[in-house]
Structures are given as structure tokens and as C-alpha cells.
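As C-alpha cells, the structure follows; a few thoughts come after it.
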Amino acid sequence: MLLVDISDSVALVTLNRPEAMNALSRALRAELHKTLKALDANPSVKVIVLTGAGDRAFTAGLDLKELGGDPDGLKAANATDPAENPAWAVIACRKPVIGAINGVAITGGFEVALACDVLICSTNARFADTHARVGITPGWGLSQKLSRLVGPYRAKELSLTGNFLDAETACAWGLVNRVVAPEDLVPVALRLAADMAQIDLDMLTGYKAMIDDGYELNLRQGLELEQARSSSHNRNVTPDMVEKRRAGIQARGRAQ
């Protein structure tokens, strides 16, 4: 139910339940957490690409069929344990996670997408927050993260209607980085991951954490956080170290 392919410091992780729209069953949630935790600890992996099998769904969220037969199943909607809460499993990963959104990302699936660091979408991708229509409130972060990404007006439009948002509009609203043809989705995501993987691992994880931690603060606090962490890091950087990297940066700039 979960496929993992590691090549050149990049791990491609695929939710593999296409017959169930890659719904997040209890077993899949546990496996995703286990896998991301292992990849986070694997020194040969620098970047992770997360996608879904098929072209219908990234993931449709919690497995409603499974929930229907489990009186305690809805507790997963408010779980904080990363083994039960896949959004937290993604957020807990120190390494960059690129979401390659191949189809619909609905409700809990939308929350998992929002937990990623970068979103690349297929033209087949669509997003929907159907919590209100189902009659439950989100517990994996959607009500707070969505408004911070697209603004409260647009977030309320989506969440209080349950309407679908197409990929192009999601891009125009700043929800996703870019939209590509379905056949280009994984290759584009892997190329972006390869660009990130050229960076030293400590720098990747440290810079990601500085952005995320600062985003949770007000601007003054964020600037103070940056100053403190930058001073701690940069005191160990020498002019020789910078000079050794300068030629490579210039050559890359000319090639792009």
C-alpha cells in the first residue's frame, strides 16, 4: 500500500491504494509514519517526494468504509500521534517533502497536501475541504493552515461550501507552486528534489526549520530567530569554504 523508490538522495513515496482513491486507512497511516521516520533518519536521503498512485486521487483522506465499521474510527480525525495523523507525520519530517498532487486531495488528503513543503500539481489535481458537509471539523490543521496560505476570505469560501478548487486556480491563489501535465508531474517533482539534494543535508534541514519556526512567530520574533540561528551557523563558515562553492554557483547560474 506504500511504494518507496530511492535514487540519488531522493526518495519517491507513493500512496498505493488507487482502487480506494488512496484513502488513508489505519494501516496506511501507520506505514506512512514508519516510512517517513525511516527516511528522515536515513543519511543517504535528502529530499522526499510524496504522491499518489493513478490519476484520480492524491488521497481522498480517511477511509470512510473503514470508519463505518469502527465506532472509534473518528478519533483519528483528532489524533496527534503521527502514526494516526499523517499530516503530523509529514510535518515531523526534518527533510523537505515535495507533494506531487496527481488527482483530488479531499478533506484529510487536503490536510496532508498542506503539510508538505512544496506542492507541484497535475492538471488533474483538485482540492476540496468537505469537513462541513460530512459534519465533522478538521483536526489535522486545515482550518489554520489554509487561511494562512490563501487568506481568510478564500479559505472560508472553500471550507464553508465544500466546493472543489481546480489546479490552475489553486496556483493563481498561491496554494501550489506550479501546474504541469499529468505525465510531467513526477519527473518535474523529482528534478526539483534533485536541485534541493545538491545542498548539504545540515543546511537543508536547518534552513527548512528556520523558515517553518519563524513563520509561526510575528515578524519581529522571526527576525530575532533568524539572527540567532544565522549567527550560530555562520561563525563556523570560513571565506575558503565560500570560495570553493562560488565557482559552482556561477556555472549553475549561466546554465539556467
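Each value in this text was obtained by applying a stated rule to the coordinates, not by laboratory testing. What you see is a predicted model; the values in this text were computed from it and never measured. Here the Cβ positions follow ideal geometry from the backbone for every residue, glycine too, while neighbour counts run over all protein chains shown.
For LEU158, the shell of other residues with beta-carbons less than 14 Å away shows a net charge of +2, using +1 for Lys and Arg and -1 for Asp and Glu.
Taking label points 7 Å from Cα along the Cα-to-Cβ direction, ALA228 and LYS75 give a separation of 3.7 nm.
Given a Förster distance of 41 Å, report the FRET efficiency between ILE6 and VAL134 from their Cβ-Cβ distance, rounded to the nearest 0.05. Can you show the working numbers first?
Numbers: r = 36 Å, r/R0 = 0.89.
Once the sixth-power term is evaluated, E becomes 0.65.
Long hydrophobic helices in the chain, taken as whole DSSP H segments with a C-alpha length of 15 Å or more on their own axis and mean Kyte-Doolittle hydropathy at least -0.5: 26-41, 185-197, 201-215.
When the chain is treated as a GNM, springs tying every alpha-carbon pair under 10 Å, which of ASN234, ASN42, ASN124 comes out with the largest mean-square fluctuation? Per the Cα network of the chain with a 10 Å cutoff, ASN234 tops the list.
Near GLY222: Cβ cut-off under 10 Å, other residues only, Lys/Arg at +1 and Asp/Glu at -1. The net charge is -3. Working from Cα pairs under 8 Å separated by at least six residues, relative contact order for the chain is 17 percent. Our summary of shape: the Cα atoms of region 165-256 have principal axis extents of 46, 37, 20 Å, ordered from largest down, in whole angstrom. For GLN144 and ARG246, a Förster radius of 51 Å and the Cβ-Cβ distance give a FRET efficiency of 0.80, rounded to the nearest 0.05. Over region 201-255, the fraction of Cα-Cα pairs per 5 Å bin, rounded to whole percents and listed from the shortest bin up, is 4, 16, 18, 20, 18, 14, 9, 2.
Here the chain is described by how far its Cα atoms reach on the three principal axes: 62, 40, 33 Å, from widest to narrowest. Given 25 °C and 0.890 mPa s, how large is the Stokes-Einstein diffusion coefficient of region 1-113 in µm²/s, with Rh as the Kirkwood radius over Cα pairs? Stokes-Einstein gives a translational diffusion coefficient of 177 µm²/s.
Pairs LYS37/LYS65; LYS37/LYS145; LYS46/LYS156; LYS34/LYS75; LYS65/LYS156: which exceed 30 Å Cα-Cα? Please list the in-between numbers first.
Working: LYS37/LYS65 27 Å; LYS37/LYS145 23 Å; LYS46/LYS156 36 Å; LYS34/LYS75 20 Å; LYS65/LYS156 28 Å.
Violating the 30 Å limit, Cα to Cα: LYS46/LYS156.
Counted by Cβ distance under 14 Å from MET21, the other residues give a net charge of 0, where Lys and Arg count +1 and Asp and Glu count -1. Since only VAL176, LEU225, ALA189 are under comparison, the one whose Cα sits farthest along the positive direction of the charge dipole of region 138-251, derived from C-beta charges on Lys, Arg, Asp and Glu, is LEU225.
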